1. The chain: D in µm²/s via Stokes-Einstein (Kirkwood Rh, Cα pairs, 10 °C, 1.306 mPa s)?
2. In nm, to one decimal, how far is the MET32 label point from the LYS70 one, both placed 7 Å along Cα→Cβ?
3. What net charge is computed for the residues neighbouring GLU71, neighbours being all others with C-beta under 12 Å from the C-beta of GLU71, Lys and Arg scored +1, Asp and Glu -1?
4. Report the gain in length on full extension from ARG23 to SER82: 0.36 nm times residue separation, minus Cα-Cα distance, nm rounded to one decimal.
Amino acid sequence: MKFLSLYKSAEKGVPPSQEEMTRMGKLVEDGMKAGWLLGTEGCLPSALGARVRFSNDKHTVTDGPFTEAKEVVGGFAILQVSSKEEAIKLAKDFLKVVGDGECELRQIYEAGTCTDAAAQS
């Protein structure tokens, strides 16, 4: 099964240090080799982004930075795991490397392999 891991944290406004980049690089390399990490990317500051909303037949665009948000998405990873528990363990390992923040884990729909979520309720 696959999970999307969204990393959220307070926006620091400074790029990662060389030491942080080295630690993250090793984690990514190890994850790719082991097969549990399918893809990952970090996000640039929210000042370079925008939020697009649709409500009442109208689009609203808000340019960053998103100062009203306590946390912003700092990056994502696609995980290939055998269970939700394994995804949680990998998120904990990731947070040890990056520090403060949270990972929201969302199982990715895969046709023919996912059970109906409504049936599980």
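Computed from the coordinates by the stated procedures, all read-outs in this text should not be read as laboratory data. Worth saying up front: this structure is predicted, and the values here are computed from it rather than measured. Positions of Cβ are generated from backbone atoms using ideal geometry, with glycine treated the same way; all protein chains shown enter the neighbour counts.
1. Numbers: Rh = 16.3 Å.
Reported coefficient: 98 µm²/s.
2. 3.5 nm
3. Details: positive: LYS8, LYS12, LYS70; negative: GLU11, GLU68, ASP100, GLU102, GLU104.
Here the charged neighbours net out to -2.
4. Numbers: separation 59, 0.36 × 59 = 21.24 nm, distance 2.51 nm.
Full extension from ARG23 to SER82 adds 18.7 nm.
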